[in-house]
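> Got a structure for you, questions after.
Every read-out reported here was derived from the displayed coordinates using simple, explicitly stated rules and does not represent laboratory data. Only a predicted model underlies this, so the values are computations on that prediction, with no experimental measurement involved. Here the Cβ positions follow ideal geometry from the backbone for every residue, glycine too, while neighbour counts run over all protein chains shown.
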């Protein structure tokens, strides 16, 4: 079958676009990309690059136009189909990525990339809970490439999820002991092994496995530490400088803003506080549509407003300087990006923006979206810290805080100190929802939150796990939310009380203020 012959022609615009993207000047990058594309409009590689940039900036309609053009020009190009598959994966549009990869396999059954494509398919089918289909892909990949470490790792996950615990553990240990597996696969294998050890009650072994995984990730964490340090500094400065008077004044100016087509709600807290469970329950209501951990608030609201002032300007001052035109543009961009990312019109449903990392941006919410209702999840601080530490996450400026229990506790403390101060200052309506009470009495708590949102009761919210089986969940806890509510996660910290002891001085104030033992 044919392969794309078009490559980037020498063009300074492409170089400038790539440099601007790396510097997070995304609008500038797209400007250069568009001009390069105008010069070479049928270049398949450039079509996909610009489409990917559109997609990452929450412009899926524009992205799909270019992808469709690339496909129309080169419908039988296997290399292009693989590129499109990777692009759709990056955009979390797994159904379309699967179609591209399947067509590539059909067009070129003997492709050298077949094992890699099969494993990409296996990963997506696993996330969509099609375990039998994922298993067939993984088995075939291993038959074609017996030493393919990622194929063995995915097969171990599928074995675990299918109840083949011993086979999964043996395969993971073989990967850990292998001289051929990459460091990332070895670390992920330790995580998977820890999960099974925890589930079987071997808590010391589980903690040891987690520690080994963290040690591998720690070696690659340095590039993210500077970003994490800068974010923490900005958050501390925001808390130090924000005033109740500012929050009052911003709220009083809400009448100057044109209403959005529907109502808004924000679901936030600290990661692993129960936001995913609550989001899935609420999203099952006919009057709600949820956005699951999209970065639109940060990338299309916070960052553009921040660029209008000096990087040294405190966040409250930056928000004070925002003009009414700035706010209206931000609100409109947010709404359009949300509809684009959700791939469907919001219509008259409440838009629920679920992101457990937006607590420190509540002043931004109060300034730009004074009508947005805030739902804040509360969970036993000790369970939150243990759960974050045990979560298998890619490295980024947030997850590097979870490489030690002590850092995890400090991260939790910073977030909750922010909430305890801001909840008394912001003028957005807010409600706290305790995870343990949601687990013990889901109907009562669901009714309570729906009343807060001015929504009538809907029986479907209690069958949320059935809907989650048909929906792609962005959260790392995608596997857990497909099961009915379970109580085993309450008090889980007691299994690791000894390891948690050095963190208790940091956590005890929050254990007390939130009313835990």
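> Among 71, 514, which comes first, then next, by fewest other beta-carbon atoms within 10 Å?
Working: 71 19, 514 15.
Listing 71, 514 from fewest to most nearby Cβ atoms yields 514, 71.
> Something else now. Give the relative contact order (percent, whole number) for the chain; include only Cα pairs under 8 Å separated by 6+ residues.
Working: 687 pairs, mean separation 71.7, N = 517.
That works out to 14 percent.
> Cα-Cα pairs above 29 Å in segment 222-513: how many percent? Working shown, then result.
Values: 14247 of 42486 pairs.
Of all Cα-Cα distances in segment 222-513, 34 percent exceed 29 Å.
> In which sequence would 288, 398 go, from the one with the fewest C-beta neighbours within 10 Å to the one with the most?
Ordered by Cβ neighbours within 10 Å, fewest first: 398, 288.
> Another one. In nm, give the distance between the simple-model label positions of residue 497 and residue 336, each being 7 Å from the Cα along the Cα-to-Cβ direction.
Inter-label distance under the simple model: 5.7 nm.
> If you consider only alpha-carbon coordinates, what radius of gyration and Dmax does segment 279-424 have, in Å?
Reported Rg and Dmax, both Å: 16.6, 45.
> Order these by the 10 Å Cβ neighbour count, fewest first: 510, 12. Kindly include the intermediate steps, with their values, before the conclusion.
Working: 510 24, 12 9.
Least crowded to most crowded, the residues run 12, 510.
> What is the mean projected area of the alpha carbon convex hull for the chain, to one decimal in square nanometres?
Numbers: hull surface 98.1 nm².
Result: a mean projected hull area of 24.5 nm².
> Between segment 82-109 and segment 113-127, how many Å separate their Cα centres?
10
> Something else: Can you tell me the relative contact order of segment 35-167? Whole percent, Cα pairs under 8 Å, sequence separation 6 or more.
Values: 133 pairs, mean separation 18.3, N = 133.
Reported as a whole number, the value is 14 percent.
> Quick one: of the DSSP bridges fully inside segment 222-513, what percent are antiparallel, nearest 5? List each step's numbers first, then the result.
Numbers: 0 of 18 bridges.
Antiparallel bridges make up about 0 percent of those DSSP assigns within segment 222-513.
> In a Debye calculation with equal point scatterers on the alpha-carbon sites of segment 286-356 and no solvent, what is log10 I(q)/I(0) at q = 0.14, 0.16, 0.27, 0.28 Å⁻¹?
-0.50, -0.62, -1.19, -1.24
> Consider all pairwise Cα distances in segment 12-218 and report the whole-number % of them above 24 Å.
Working: 11236 of 21321 pairs.
Tail of the P(r) past 24 Å holds 53 percent of the pairs.
> Ranked highest first by the average count of other Cβ atoms within 10 Å around their residues, in what order do 97-103, 253-259, 37-43 fall? Walk me through the numbers on the way to the answer.
Working: 97-103: 19.4, 253-259: 11.3, 37-43: 15.0.
Final packing ranking: 97-103, 37-43, 253-259.
> Pull out the extension gain between residue 459 and residue 237, defined as 0.36 nm times the separation in residues minus the alpha carbon to alpha carbon distance; nm, one decimal. Walk me through the numbers before you get to the answer.
Numbers: separation 222, 0.36 × 222 = 79.92 nm, distance 4.45 nm.
Additional length available on full extension: 75.5 nm.
> Pairs of alpha-carbon atoms within less than 8 angstrom and 6+ residues apart define the contacts here; what relative contact order does segment 222-513 have, in percent? The partial results should precede the final answer.
Working: 385 pairs, mean separation 83.6, N = 292.
Value for segment 222-513: 29 percent.
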